[in-house]
1. Quick one: what are the phi-derived ³J(HN,Hα) couplings along segment 27-40, Karplus 6.51/-1.76/1.60 with θ = phi - 60°, whole Hz, x for glycine and proline?
2. Quick one: S67, S56, fewest Cβ neighbours within 10 Å first, how do they rank?
3. So, with +1 on the Cβ of K and R and -1 on the Cβ of D and E, and no other charges, what is the size of the charge dipole of segment 11-53 about its Cα centre, to the nearest 20 debye?
4. Mind checking the dipole of segment 3-85: about its Cα centre, +1 per Lys or Arg Cβ, -1 per Asp or Glu Cβ, Debye to the nearest 20?
5. Any chance you could tell me what percent of the C-alpha pair distances in the chain go past 14 Å?
6. For a quick check: with amide H placed at 1.01 Å from N, whose amide H comes under 5 Å from Q26's, ignoring anything fewer than 5 positions away on the same chain?
7. What is the fewest-to-most order of F19, F46 by other Cβ atoms lying within 10 Å of their Cβ?
8. Taking θ as phi - 60°, what are the ³J(HN,Hα) couplings along segment 76-87 by the Karplus curve (6.51, -1.76, 1.60), each to the nearest whole Hz, with x for Gly and Pro?
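Here, each number is a calculation from the coordinates, and none is a lab measurement. These figures come from a predicted structure and were not determined experimentally. Quick reminder, even Gly has a Cβ in these numbers, built from the backbone with ideal geometry, and neighbours come from all protein chains shown.
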Amino acid sequence: MTLEDLERLNGRPFEILGFGWDYGGQIWDMRGGAINRDTAGGCRLFVFFRTAVEHSDPLIGDRAIMSNDPDVRAIRPSVHLITYRYP
């Protein structure tokens, strides 16, 4: 699934964490969209992206980046891992 596919399902852009570190490429905030990371009973959805091409310095590190950022689109992220944590 591409980043754009997930944006369509969510109904709006969302925030992902910068790439190149432990939590890199993880969705950080769905920004009030249709997909809710936190669900009943304390369960939580985690989605990580990988990139088709190398990422540049502005996209690396512990920072939130909008999914519709042109630099993010240029590296063509796709869903790499989906996990669901429950208490």
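1. In residue order, the calculated couplings are 5, 9, 8, 7, 6, x, x, 6, 8, 10, 6, 9, 10, 4 Hz.
2. Values: S67 21, S56 11.
Fewest-to-most Cβ neighbours within 10 Å comes out as S56, S67.
3. Working: 5 positive and 4 negative charges, 26 e Å.
The dipole of segment 11-53 has a size of about 120 debye.
4. Working: 10 positive and 12 negative charges, 64 e Å.
With Lys and Arg at +1 and Asp and Glu at -1, about 300 debye.
5. On the way: 2273 of 3741 pairs.
Result: 61 percent of Cα pairs exceed 14 Å.
6. The list, which skips near neighbours in sequence, is L17, F49.
7. Sorted ascending by nearby Cβ count, the order is F46, F19.
8. Per residue, the Karplus-derived 3J(HN,Hα) values read 6, x, 9, 5, 10, 8, 10, 10, 9, 9, 10, x Hz.
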